[in-house]
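S.K.: Just passing along the structure, written as structure tokens.
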Amino acid sequence: MTGAMPHRGPDASGLWSEGPIALGHRRLSIIDLNEAANQPLADGAGRYRLVFNGEIYNYRELRAQLSGYPFRTQSDTEVLLAAYTRWGTGCLQHLNGMFAFALWDRQTQQLLLARDRMGKKPLYYYLDDQHLLFASEVRALLQTGLVPRRLNDSALPTYLMYQTVPSPDTLVQNVRQIEPGHYALFARDQWVEQPYWDLLQPTPADPVLLSSATAVRAEVRRLMQGAVARRMVSDVPFGAFLSGGVDSSAVVALMAQQSEQPVNTFTISFAEQQVDESAQARQLARRFNTRHTDLCLRPTDLLAELPKLLASMDQPSGDGPNTYMVSKLTKEAGITVALTGLGGDELFAGYSTFGRYARLRQLRWLWQLPEGLRRPVLNTVLRTINPTKRQALIQLPSLAPPRLFSLFRQSFTASEVATLLGPTGANPVADWLTRHDTDLRRLPTLSQVSVSELMSYAMPLLLRDADQMSMAHALELRVPFFDYTLIEFLLQVPDTYKAASPPKRLLVDALRPLLPESVLQRPKMGFSFPWASWLRGDLRAFCQQRLAQLAQRDLFRPGTIEAMWATFLRAEPGSSWNQLWLLVTLDDWLERHGV
């Protein structure tokens, strides 16, 4: 199993087994490079064994609280072990970090598995009547030969709709995920999983901090400074991704403010000017006095790297190649830890979904009319929305958040999935929003959209892909915007101070004068590749081969994939490169893993 994941930890490999338990670890050395910090790690008394992936950002503060423990290393791993010996599972409440870990108690024969609050680090498991297997990647579970390589057909509609399968499910039958903010205990053949943190139950903020725009901005700045500072703790070289947008600029600005040395920054540029942000990135690099590296990416470069890129997908995805390529560039420059601006859009109302929801709320009276009456009006008012998604929106019986929010992030709508696969089953995103509708409605309106974006897009897709694509190069990616203390506060900020127009004004105002006004005034581009032209050009033969093979797998209705591809090649309105890329990566993954 460890041999299936050398990319996640090329610096050391460790194994330990005793009786019914075997633990393995691949180490990427970042804190305390000494061999004594290698894993599996034992406590001084020899009762516990720990394997741990990630970083505990507040380990120094915790170490100071754990006086009396006989520390033998300077590692955050040993602080985690010491925290458990002091507080048991209560230690999870003390941790600020990204982590997945397994801890074995030799005395009680109990196994603890735990995952960080936002699910930045993955943790998969397989449980049958003879085995419990767990790992950071599904490929390690498959490598055992104990897990049947069968597709989880019931999750395929979800994959098509959301470009991923949210926890606790996966695309492999009977392979599941520990959910974010959860831990599981396994003892005497009994499995119990429960939450230790709830996104919808944030620690109440001091009302004074929410009482005025000035107070909110000051608290956002303080929390952002702390989040970035914690993620700059490293015993190896670190840097940051810099795209030229608000989010990465904010992270780099705070890093530069707190660093004694110039920050290493990295960006990708394109010959296609409509998606190129390199000029803005260079301008910001000069402003923040960074050591800047720019890689110009062409379709031929991506095509050459495509086999390795697709092999990095432990789970198939419609996202990720951008992170893969900038991670490759960053690692080749000698960097082991990088910070990213991922998360700013979700938390500071940066996406178009925030403004769209505000407009739809003004029109919600139309949904009281019969569909036939509201259709012509909404077809005109919502003409800028993709036609298929617009029709799904018009057909909603109401604009109740669970129904509406679960539609926002769909790549394929439910009707499109039904065309490809036949009648579809449950929608796990809509189900989750429905179960938590009461708690969701207690939050400010824009925070409700934030939760929707986090649950349907950022946590199951963006964070998962950021981890698998950066770790493919043994690069640890840290995400300051996903510091749970910042998230808890922002979810309680009234809409008045977090307006959706202009996007992310609260973030810019909180960091003024660090960020130049020009960053806010630029139209949002996002960090993406010119996929549509590439799929019709340099990547056409590759995609055509994969789609033809997928069409033969007896998963989709005959002729549907071929029709989609033909429509896309003709560049007809409504055709989507993203939908086709989802199918291409699915076929590659199925073949590569023998599923």
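S.K.: Can you name the condition, by its number, that residue 289 falls short on among (1) under 17 Å from the mean Cα position of the chain (by Cα); (2) in a loop (DSSP other than H, G, I, E, B)?
M.R.: (1)
S.K.: Looking only at the stretch 80-96, count every residue that is farther than 24 Å from residue 22 by Cβ, open to solvent by 10 Å² or more (accessible area, probe 1.4 Å) and without any contact (Cβ under 8 Å) to a residue 60 or more places away in the chain and tell me the total.
M.R.: Looking only at that region, the number is 4.
S.K.: Now for a separate question. How many of the residues in the stretch 411-423 are polar (S, T, N, Q), open to solvent by less than 50 Å² (accessible area, probe 1.4 Å) and within 19 Å of residue 153 (Cβ to Cβ)?
M.R.: Initially, the stretch 411-423 is screened for residues polar (S, T, N, Q), giving 411, 413, 415, 419.
Keeping just the survivors that are open to solvent by less than 50 Å² (accessible area, probe 1.4 Å) gives 411, 413.
Next, only the ones that are within 19 Å of residue 153 (Cβ to Cβ) stay: 411.
Going through the stretch 411-423 one residue at a time, the tally reaches 1.
S.K.: Would you point out the residue of the stretch 443-460, among those that are more than 18 Å from the chain's Cα centre (by Cα) and of a type in the set (Ser, Thr, Tyr), that is surrounded by the most Cβ atoms within 10 Å (Cβ to Cβ)?
M.R.: It comes out as 447.
S.K.: Scanning the stretch 349-391 for residues that are open to solvent by 70 Å² or more (accessible area, probe 1.4 Å) and of a type in the set (Ser, Thr, Tyr), which turns out modelled with the lowest pLDDT?
M.R.: 384
S.K.: Inspect the stretch 301-323 for any residue being among the hydroxyl-bearing types (Ser, Thr, Tyr), assigned to a helix (DSSP H, G or I) and touching a helix residue (DSSP H, G or I) at 6+ places or on another chain (Cβ under 6 Å) and give the result as yes or no. Talk me through it step by step, then tell me what you get.
M.R.: Within the stretch 301-323, the subset among the hydroxyl-bearing types (Ser, Thr, Tyr) is 312, 317, 323.
Filter once more, so that each one left must be assigned to a helix (DSSP H, G or I): 323.
Right, trim to touching a helix residue (DSSP H, G or I) at 6+ places or on another chain (Cβ under 6 Å) and you get 323.
Checking the stretch 301-323: at least one residue is among the hydroxyl-bearing types (Ser, Thr, Tyr), assigned to a helix (DSSP H, G or I) and touching a helix residue (DSSP H, G or I) at 6+ places or on another chain (Cβ under 6 Å).
S.K.: Pick from 118, 161: which is of a type in the set (A, V, I, L, M), touching a Ser or Thr at 6+ places or on another chain (Cβ under 7 Å) and not in a strand (DSSP E or B)?
M.R.: On the way: 118 fails: touching a Ser or Thr at 6+ places or on another chain (Cβ under 7 Å).
Testing whether each residue is of a type in the set (A, V, I, L, M), touching a Ser or Thr at 6+ places or on another chain (Cβ under 7 Å) and not in a strand (DSSP E or B) leaves just 161.
S.K.: Filter the stretch 194-210 for residues that are open to solvent by 20 Å² or more (accessible area, probe 1.4 Å), of a type in the set (A, V, I, L, M) and touching a residue at least 40 places away in the same chain (Cβ under 8 Å) and give the result.
M.R.: Matches in the stretch 194-210: 205, 209, 210.
S.K.: For residue 52, work out the one condition from (1) part of a helix (DSSP H, G or I); (2) within 30 Å of residue 172 (Cα to Cα) it doesn't fulfil.
M.R.: (1)
S.K.: Right, something else. Scan the stretch 473-486 for residues that are in a helix (DSSP H, G or I) and surrounded by fewer than 24 Cβ atoms within 10 Å (Cβ to Cβ) and report the count.
M.R.: 3
S.K.: Can you confirm whether residue 323 is farther than 25 Å from residue 265 by Cβ and open to solvent by 20 Å² or more (accessible area, probe 1.4 Å)?
M.R.: On the way: farther than 25 Å from residue 265 by Cβ: no; open to solvent by 20 Å² or more (accessible area, probe 1.4 Å): yes.
So residue 323 does not fit the description; no.
S.K.: Please state which of the following conditions residue 404 fails to meet, knowing it meets all the rest: (1) open to solvent by less than 10 Å² (accessible area, probe 1.4 Å); (2) modelled with pLDDT of 95 or more.
M.R.: Only one criterion is unmet by residue 404, namely (2).
S.K.: Being free of Cβ contacts under 8 Å to residues at least 24 places away in the same chain, loosely packed, with under 15 Cβ neighbours inside 10 Å and either within 20 Å of residue 308 (Cβ to Cβ) or hydroxyl-bearing (Ser, Thr, Tyr) (or both) narrows it down to one of 552, 545, so name that one. Even if it seems obvious, please write down each step before you answer.
M.R.: Working: 552 fails: either within 20 Å of residue 308 (Cβ to Cβ) or hydroxyl-bearing (Ser, Thr, Tyr) (or both).
Only one candidate qualifies: 545.
S.K.: Look at the stretch 515-536 and say how many of its residues are open to solvent by less than 60 Å² (accessible area, probe 1.4 Å) and at pLDDT 90 or above.
M.R.: The qualifying residues number 1.
S.K.: Same structure again: Condition first: of a type in the set (A, V, I, L, M), within 25 Å of the chain's Cα centre (by Cα) and either open to solvent by less than 50 Å² (accessible area, probe 1.4 Å) or within 28 Å of residue 104 (Cα to Cα) (or both). Can you find one or more residues in the stretch 211-219 that meet it? It would help to see each step written out before you state the result.
M.R.: Initially, the stretch 211-219 is screened for residues of a type in the set (A, V, I, L, M), giving 213, 215-216, 218.
Among the residues that remain, those that are also within 25 Å of the chain's Cα centre (by Cα) are: none.
Scanning the stretch 211-219 turns up no residue that is of a type in the set (A, V, I, L, M), within 25 Å of the chain's Cα centre (by Cα) and either open to solvent by less than 50 Å² (accessible area, probe 1.4 Å) or within 28 Å of residue 104 (Cα to Cα) (or both).
S.K.: On the basis of being more than 30 Å from residue 288 (Cα to Cα), assigned to a helix (DSSP H, G or I) and at pLDDT 95 or above, does residue 208 make the cut? First the steps, then the outcome.
M.R.: Numbers: more than 30 Å from residue 288 (Cα to Cα): yes; assigned to a helix (DSSP H, G or I): yes; at pLDDT 95 or above: yes.
So residue 208 passes the test.
S.K.: Restricted to the stretch 145-170, and to residues that are open to solvent by 10 Å² or more (accessible area, probe 1.4 Å) and hydrophobic (A, V, I, L, M, F, W, C), which residue is farthest from residue 578 (Cα to Cα)?
M.R.: In this case the residue turns out to be 146.
S.K.: For residue 343, only one of the following conditions fails: (1) open to solvent by 20 Å² or more (accessible area, probe 1.4 Å); (2) under 24 Å from residue 517 (Cβ atoms); (3) under 16 Å from the mean Cα position of the chain (by Cα). What is its number?
M.R.: Just one mismatch for residue 343, condition (1).
S.K.: What number of residues within the stretch 171-193 satisfy the criterion of being over 25 Å from residue 95 (Cβ atoms) and buried (at least 22 other Cβ atoms within 10 Å of the Cβ)?
M.R.: So the answer is 3.
S.K.: Only one of these is at pLDDT below 95, among the hydrophobic types (A, V, I, L, M, F, W, C), open to solvent by less than 30 Å² (accessible area, probe 1.4 Å) and farther than 21 Å from residue 138 by Cα: 56, 31. Name it. It would help to see each step written out before you state the result.
M.R.: Numbers: 56 fails: at pLDDT below 95.
Just a single option satisfies the conditions, and that option is 31.
S.K.: List the number of the failed condition for residue 573; all other conditions in (1) over 22 Å from residue 172 (Cα atoms); (2) touching a helix residue (DSSP H, G or I) at 6+ places or on another chain (Cβ under 8 Å); (3) part of a helix (DSSP H, G or I) hold.
M.R.: Tallying (1) over 22 Å from residue 172 (Cα atoms); (2) touching a helix residue (DSSP H, G or I) at 6+ places or on another chain (Cβ under 8 Å); (3) part of a helix (DSSP H, G or I), residue 573 fails exactly one: (3).
S.K.: Go through the stretch 555-595 and report how many residues are without any contact (Cβ under 8 Å) to a residue 40 or more places away in the chain and among the aromatic types (Phe, Trp, Tyr).
M.R.: 2
S.K.: Of all residues in the stretch 61-77, which are open to solvent by less than 30 Å² (accessible area, probe 1.4 Å) and either more than 27 Å from residue 486 (Cβ to Cβ) or part of a strand (DSSP E or B) (or both)?
M.R.: Taking the stretch 61-77 first, the residues open to solvent by less than 30 Å² (accessible area, probe 1.4 Å) are 62, 66, 73, 75-77.
If the condition is that a residue be open to solvent by less than 30 Å² (accessible area, probe 1.4 Å) and either more than 27 Å from residue 486 (Cβ to Cβ) or part of a strand (DSSP E or B) (or both), then 73 is the only one that fits.
S.K.: Of all residues in the stretch 189-244, how many are at positive phi and acidic (Asp, Glu)?
M.R.: Matching residues across the stretch 189-244 total 1.
S.K.: Can I ask one more? Name the residue that is farthest from residue 497 (Cα to Cα), counting only residues in the stretch 428-439 that are crowded, with 22+ Cβ neighbours inside 10 Å and in contact (Cβ under 8 Å) with a residue 60 or more places away in the chain. Let's see the steps before the verdict.
M.R.: The initial filter retains those residues of the stretch 428-439 that are crowded, with 22+ Cβ neighbours inside 10 Å, namely 428-429, 433.
Applying the additional criterion that residues be in contact (Cβ under 8 Å) with a residue 60 or more places away in the chain yields 428-429.
Details: 428: 32, 429: 28 Å.
Taking the candidates together, the pick is 428.
S.K.: Against the conditions (1) in contact (Cβ under 8 Å) with a residue 40 or more places away in the chain; (2) surrounded by fewer than 24 Cβ atoms within 10 Å (Cβ to Cβ); (3) on the phi > 0 side of the Ramachandran plot; (4) not acidic (Asp, Glu), where does residue 289 fall short? Just the number, please.
M.R.: Failing condition for residue 289: (1).
The values are calculated or read from the model by the stated rules, or taken from the named source; none is laboratory data. Quantities reported herein were computed from a predicted structural model and do not represent experimental measurements. Because the Cβ atoms are built from the backbone with ideal geometry, glycine has one as well, and the counts that use them run over all protein chains shown. Ligands, DNA and RNA are excluded from the accessible area calculation, which covers all protein heavy atoms including side chains. Shrake-Rupley method; radii C 1.70, N 1.55, O 1.52, S 1.80 Å.
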